[in-house]
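Below: one structure, written as structure tokens.
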Amino acid sequence: MNGFGDPATQLAFAVHENRGVFALLLGSGLSRAAEIPTGWEITTDLVRRVATAQGVEEQDDWAKWYAEAEGKEPNYSELLAQLASTPAERRAILHSYIEPNEEDREEGRKIPTLGHRAIARLVQQGYIRIIVTTNFDRLMENALREVGIEPTVITSPDSLQGAEPITHSTCYILKLHGDYKDARILNTDEELDTYPGTYNAVLDRIFDEHGLIVCGWSGEWDHALRAAIERAPNRRYPMFWASRGDLRGHGAELCSARKGVTVSISDADAFFGTLVEQVETLAQSQRRNPVGVDMLVSRAKRYLSKPEYRIQLADLVAEEVERVISRHDQDDMALHGPVGDDDILRRILLSEGVSEGLTKVCGLIGRWGDRSQISVVVDAIRGILNYANDNQGGRVIYIELRQYPAVLAYHACTLGLQYAEKWSELHEFMGLEVQNKRGRSERLLDVAGPSTWEGSKKELWQKLPGMDRRYTPLNDHLADEIFVSWGAAFLPPRVPLADLTLLNEALTAIRYLEAAGLEQLQNVKANSEHGRNYIWAPVGRAGWSYDYQERVLPRIVETDFRKRLADGGFGGGSEDFISEALENYSRLLANLHWR
């Protein structure tokens with residue numbers, strides 16, 4: 001994730017793109033702005049109060065004095081018992097440290113801070129579901145209740161029994177050091193050296209299944225917590241560590257071991273405030289009103305159901321094309337704008353947001369439409385390509401990105417056609433002629449296919465969160481993120497989208513190779529000892545995914561399936577050509593250096 005923007009922006013994109021994936025690890029730094037003391041600060045102040053009551057002079061280091069005087073580390077519970085003999089007295093002492101009085105409230109002390117409230121907004125919107133904290137105040141719970149969320153709160157191993165499971169909780173808070181109203185809060189090195197087995201089991205699950213955002217915790221104390229993070233095997237999701245100044249000591253070692261990203265911050269309030277603003281901005285820019293998109297899809301379904309609605313369907317799609325073009329015509333999408341990584345990512349998100357409705361409708365038409373209705377999709381793609389190509393110059397990358405909505409529409413339609421097994425219509429659709437940006441005629445698959453589009457350059461799409469090391473970042477983004485969500489509008493539930501995508505790529509390769517002809521394919525294979533043994537064809541995820549060889553290819557080579565493809569026009573109607581094209585494709589995949 002090193003290819004774009006600053007670490008704070010990386011984090012915002014990661015949280016936005018992976019809703020519910022990240023857990024928070026919060027330390028005392030979060031509550032410090034509310035003037036809430038840490039557990040150790042309360043313990044050392046209790047030492048002071050006990051010693052002062054016994055006539056001891058003021059000390060520079062009360063913890064050191066206590067250790068020398070008593071021969072052991074200060075213990076929170078023992079000190080509290082010396083100061084108060086009844087539960088009511090003990091609660092009163094604790095309340096003076098944690099709970100605000102009237103003066104505190106007027107001065108804004110000991111109440112949820114901007115940081116707490118920003119986190120509550122992230123929870124409310126579903127971006128964060130799990131909070132692990134070493135704090136024993138209730139500011140986080142109070143901030144959540146202010147926005148109508150009642151969290152599941154674990155304050156001791158006992159409270160784990162019968163608690164709502166993590167998967168069923170809107171917000172799950174694990175308070176590792178306990179709660180200030182429970183005298184069993186943890187403070188000393190010995191207390192923090194190991195956790196009960198039940199705690200370790202919960203932590204192991206959290207750290208294995210989630211990314212981690214750390215704020216307000218140095219990593220110097222809490223040895224058991226540090227050990228839990230170190231032993232977590234998962235590296236699927238990143239760690240972000242917010243730090244005031246340079247992260248040092250155990251924290252730096254832990255972050256480095258987890259290949260984490262350090263985010264420099266001024267304070268927790270500013271950090272979480274900025275994060276929630278960035279995430280909300282991304283959410284607003286990526287999608288129009290979901291209700292509007294759902295209504296659009298419903299209208300398209302109605303128009304597809306009867307041939308007499310063909311004009312209404314064409315008008316509906318034309319309106320969406322105009323919406324896409326109008327958005328790309330606005331000043332913030334100008335072709336001569338700055339080309340920083342954040343600028344590029346912002347344009348991608350905006351382009352996807354305005355294209356969502358059109359893309360879903362094109363997928364519906366592919367699956368359910370007839371040839372006359374599919375021609376509406378072709379007109380839409382041509383309209384977008386003509387708009388993108390009609391320019392007076394600008395940044396090449398931005399000229400190409402104006403074609404992106406056409407790529408989305410094309411891909412959706414091919415997936416719909418493919419799922420419906422409309423092989424003849426799919427073959428025809430792929431081969432329709434359109435103009436490229438140089439004004440020359442090319443097949444639709446050559447201009448708008450995800451693996452052939454000139455804007456599909458790896459170095460561009462690797463800028464997306466989590467795609468920095470992907471071989472086929474655009475194809476992966478479409479299969480794993482975009483169409484996982486959007487495909488639900490035109491494909492059945494739980495359709496194996498990964499296999500559908502790999503089959504789409506293989507069919508694209510067969511259709512692409514038709515331009516070479518059977519004889520040339522056979523000659524390349526026959527002369528392989530004296531040169532390259534394949535003719536190039538578009539390669540996508542099949543270039544690295546062994547699922548193609550194991551699941552998709554066996555289906556294509558079946559006699560019945562090959563015959564249906566040939567009857568639909570693939571391979572020029574020749575099953576032999578399809579077999580030769582697939583063999584050529586397999587040799588091509590075997591020669592890729594990054595397999």
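Looking only at segment 477-502, which residues are aromatic (Phe, Trp, Tyr) and part of a helix (DSSP H, G or I)?
Once the filter is applied, which keeps residues that are aromatic (Phe, Trp, Tyr) and part of a helix (DSSP H, G or I), segment 477-502 yields 483, 486.
Only residues in segment 168-187 that are at pLDDT 85 or above count as the first member; pair them with residues that are surrounded by 15 or more Cβ atoms within 10 Å (Cβ to Cβ) and basic (Lys, Arg), Cβ under 9 angstrom, at least 6 apart or cross-chain, and list the lot.
Partner pairs satisfying both residue conditions: 169/129; 170/129; 171/129; 172/129.
Among (1) crowded, with 17+ Cβ neighbours inside 10 Å; (2) in a helix (DSSP H, G or I); (3) in contact (Cβ under 8 Å) with a residue 40 or more places away in the chain, which single condition is residue 474 missing?
(3)
Residue by residue through segment 111-139, note down the ones that are of a type in the set (A, V, I, L, M, F, W, C), assigned to a helix (DSSP H, G or I) and at pLDDT 95 or above.
118, 119, 120, 122, 123
How many residues are among the aliphatic types (A, V, I, L, M) and in contact with a Phe, Trp or Tyr (Cβ under 7 Å, 6 or more places away or on another chain) if we restrict to segment 340-377?
Selection size over segment 340-377: 3.
Give the number of residues within segment 316-362 that are closer than 22 Å to residue 293 by Cβ, surrounded by 15 or more Cβ atoms within 10 Å (Cβ to Cβ) and not hydrophobic (A, V, I, L, M, F, W, C).
Residues in segment 316-362 being closer than 22 Å to residue 293 by Cβ, surrounded by 15 or more Cβ atoms within 10 Å (Cβ to Cβ) and not hydrophobic (A, V, I, L, M, F, W, C): 14 in total.
Being modelled with pLDDT under 95, part of a helix (DSSP H, G or I) and within 28 Å of residue 473 (Cβ to Cβ) is the requirement here; does residue 532 meet it?
Criteria not met by residue 532.
Cβ-Cβ below 6 Å, separation at least six or inter-chain, first residue in segment 94-105 and of a type in the set (A, V, I, L, M), second buried (at least 17 other Cβ atoms within 10 Å of the Cβ): which pairs?
Matching pairs, first to second residue: 94/180; 98/137; 98/180.
Can you tell me which residues in segment 10-56 are part of a loop (DSSP other than H, G, I, E, B), modelled with pLDDT of 85 or more and within 22 Å of residue 114 (Cβ to Cβ)?
Kept after step one, since they are part of a loop (DSSP other than H, G, I, E, B), are these residues of segment 10-56: 18-21, 27, 33-38, 54-56.
Applying the additional criterion that residues be modelled with pLDDT of 85 or more yields 18-21, 27, 54-56.
Residue satisfying the conditions is 27 alone.
What number of residues within segment 217-252 are charged (D, E, K, R), under 17 Å from residue 24 (Cβ atoms) and part of a helix (DSSP H, G or I)?
Looking only at that region, the number is 1.
Tell me yes or no: at least one residue of segment 271-287 is touching a residue at least 24 places away in the same chain (Cβ under 8 Å) and closer than 30 Å to residue 368 by Cβ.
Yes, segment 271-287 contains a residue that is touching a residue at least 24 places away in the same chain (Cβ under 8 Å) and closer than 30 Å to residue 368 by Cβ.
Let me confirm something: among 371, 402, which residue is surrounded by fewer than 20 Cβ atoms within 10 Å (Cβ to Cβ), of a type in the set (Lys, Arg) and either on the phi < 0 side of the Ramachandran plot or more than 32 Å from the chain's Cα centre (by Cα) (or both)?
371
Among the residues of segment 92-105, are any at positive phi and outside any helix (DSSP H, G or I)?
So far as segment 92-105 goes, no, none of its residues is at positive phi and outside any helix (DSSP H, G or I).
In this structure, does residue 427 turn out to be in contact with a Lys or Arg (Cβ under 9 Å, 6 or more places away or on another chain), surrounded by 19 or more Cβ atoms within 10 Å (Cβ to Cβ) and either more than 20 Å from residue 553 (Cα to Cα) or not assigned by TED's automatic domain parsing to the domain that holds residue 578 (or both)?
Working: in contact with a Lys or Arg (Cβ under 9 Å, 6 or more places away or on another chain): yes; surrounded by 19 or more Cβ atoms within 10 Å (Cβ to Cβ): yes; either more than 20 Å from residue 553 (Cα to Cα) or not assigned by TED's automatic domain parsing to the domain that holds residue 578 (or both): yes.
Yes: the conditions hold for residue 427.
Could you tell me which residue of segment 530-554 is farthest from the chain's Cα centre (by Cα), considering only residues that are among the basic types (Lys, Arg) and either surrounded by fewer than 13 Cβ atoms within 10 Å (Cβ to Cβ) or within 17 Å of residue 592 (Cβ to Cβ) (or both)? Talk me through it step by step, then tell me what you get.
Restricting attention to segment 530-554, the residues satisfying the condition of being among the basic types (Lys, Arg) are 532, 541, 551.
Checking the rest, the ones that are also either surrounded by fewer than 13 Cβ atoms within 10 Å (Cβ to Cβ) or within 17 Å of residue 592 (Cβ to Cβ) (or both) come to 532, 541.
Details: 532: 40, 541: 19 Å.
Applying the filter and picking the extreme gives 532.
The values are calculated or read from the model by the stated rules, or taken from the named source; none is laboratory data. These numbers were taken from a predicted model, which means no experiment stands behind them. Positions of Cβ are generated from backbone atoms using ideal geometry, with glycine treated the same way; all protein chains shown enter the neighbour counts.
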